[in-house]
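Below: one structure, written as structure tokens.
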Amino acid sequence: VKRLKVNTRRGHNHYEILIGRGSLDRVGHSVRSWMNDDANRVAVISDQKVLRLYGKRLLVSLKKSGFQVTHWTMKSGEAAKTLKTAEQAISFLNRSKLQRNDVVLALGGGVVGDLTGFAASIYLRGISFVNVPTTLLAQIDSSVGGKTAVNLPAGKNLVGSFHQPSGVVIDVEALATLPRRELVSGWCEAVKQGAVAGTKLFTQTTSFLERSKLGKAKFATAELEDLIAAHCTFKAAIVQGDEREQVATRNSRSRRILNFGHTVGHALEAVTGYRRFRHGEAVGHGMLVAGEISKNLGLLAESELELLVSAARLCGRLPPADDLDVDQIMAALARDKKSVSDSVQWVLLERIGRARIVDGKQINPRLLRSSIRTGLRTF
Ligand SMILES: NC(=O)c1ccc[n+]([C@@H]2O[C@H](COP(=O)([O-])OP(=O)(O)OC[C@H]3O[C@@H](n4cnc5c(N)ncnc54)[C@H](O)[C@@H]3O)[C@@H](O)[C@H]2O)c1
């Protein structure tokens with residue numbers, strides 16, 4: 001088992017991320033080690049599919065460690081990440097008689113994790129939260145960093161809080177049951193993270209993908225554990241430096257560099273009514289557009305862009321995006337929630353492994369338009 005320590009400034013001083021095969025069977029022991037002795041109850045939130053696959057092992061382990069355990073399943077999918085579901089989750093915590101010394105545990109992908117974290121952050125003004133992520137995206141990205149959220153009809157993640165977990169348990173064997181598109185989506189996020197992290201993480205990611213020939217990967221390999229640990233380490237380092245995504249932080253260590261590919265990614269999701277793309281798939285297209293803009297601004301060498309394109313292609317097939325209306329995409333970009341003073345903050349690349357934040361006002365709309373067109377045709 002790999003053990004990573006994440007330092008946080010607020011709340012807990014640090015928390016652990018445990019990564020290992022079969023760690024699901026040791027969740028009870030881990031939670032016990034993270035909590036004060038007076039923790040009695042664990043309330044588990046999951047979705048039906050994940051609970052059916054992994055719930056039993058998790059619940060048995062928690063009970064073995066002496067916890068009183070209750071569980072509740074929410075609907076799965078982005079459409080369920082709402083205030084209404086959060087209210088249902090909170091009612092469940094209340095019915096479970098959870099007190100301040102007890103624990104809320106999320107078992108599932110980023111949707112379950114974000115919603116459960118949010119409910120834990122506001123119930124009794126915030127109680128302990130443990131995350132057991134079961135998708136690739138959640139294991140390398142969303143479970144680290146303490147961002148929780150629900151969506152509003154007007155847009156994704158518009159309501160939320162920063163609430164650091166008390167611990168994270170990652171069992172890579174859970175990825176073996178993940179549907180293909182969820183894997184592709186996770187790999188796109190991994191390539192994105194590598195592209196802004198440094199050549200080491202980028203190369204580690206792409207060489208794993210090359211060797212595992214997507215779809216035939218062995219999910220229990222030590223190599224995959226190393227890769228997930230490397231991604232968590234990077235994400236944790238960024239988050240430690242910029243826990244609350246300060247607007248004033250604009251350098252290459254800003255938390256905002258994690259939004260590489262997300263500006264266009266979110267716009268693609270919005271113009272297709274959140275129906276065509278999985279989040280990571282939209283980010284896959286989005287990072288190629290960001291790469292194209294970077295090249296057209298003279299920031300990124302053509303050869304570096306080619307590296308990015310090859311890496312993105314290793315992730316697997318994406319739904320097409322070249323038929324989408326560029327005007328609609330431009331309009332969606334103008335509504336980007338990450339805008340500062342009404343200006344889109346683009347995360348671009350100077351080279352693989354080095355990001356730069358560029359104010360949208362500095363990008364000529366014609367250059368932007370043609371970069372979107374070319375970028376969306378690349379895959
Ligand atoms: N908090 C953050 O920092 C952060 C970062 C990135 C993304 N996110 C959020 O994460 C969400 C996306 O998360 P996601 O990609 O994990 O999707 P998801 O949570 O919707 O899960 C995808 C699907 O996979 C199923 N599933 C989960 N684990 C499985 C397993 N092991 N085997 C079989 N099926 C399994 C789920 O039932 C679900 O249907 C978005 O809402 C996004 O906003 C949050």
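One table, with the values for the structure above:
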quantity: Wholly within the stretch 134-242, helices (runs of 4 or more DSSP H) carrying at least 1 residues that are near the ligand (Cβ under 10 Å from one of its atoms) and in contact with a Gly (Cβ under 8 Å, 6 or more places away or on another chain); calculated: 180-197, 222-241
quantity: Scope the stretch 129-163; condition closer than 24 Å to LYS97 by Cα and open to solvent by less than 20 Å² (accessible area, probe 1.4 Å); matching residues; calculated: PHE129, VAL130, ASN131, VAL132, THR148, ALA149, VAL150
quantity: Which listed residue, of VAL69, VAL42, VAL50, is closer than 21 Å to ARG278 by Cα and either crowded, with 20+ Cβ neighbours inside 10 Å or β-branched (Val, Ile, Thr) (or both); calculated: VAL50
quantity: Complete set of residues in the stretch 322-379 that are under 18 Å from LEU308 (Cβ atoms), open to solvent by less than 40 Å² (accessible area, probe 1.4 Å) and outside any helix (DSSP H, G or I); calculated: TRP346, VAL347, LEU348, LEU349, ILE352, GLY353, ALA355, ILE357, VAL358, THR378
quantity: Residue in the stretch 19-36 that is within 22 Å of PHE234 (Cα to Cα) and open to solvent by 10 Å² or more (accessible area, probe 1.4 Å) present; calculated: yes
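The values are calculated or read from the model by the stated rules, or taken from the named source; none is laboratory data. Because the structure is predicted, anything quoted here is derived from the model rather than measured. When we count neighbours, we look across all protein chains shown, and the Cβ atoms used for this are built from the backbone with ideal geometry, even at glycine. Ligands, DNA and RNA are stripped out before the accessible areas are found, and what is left, the full protein with its side chains, is counted by its heavy atoms. Shrake-Rupley method; radii C 1.70, N 1.55, O 1.52, S 1.80 Å.
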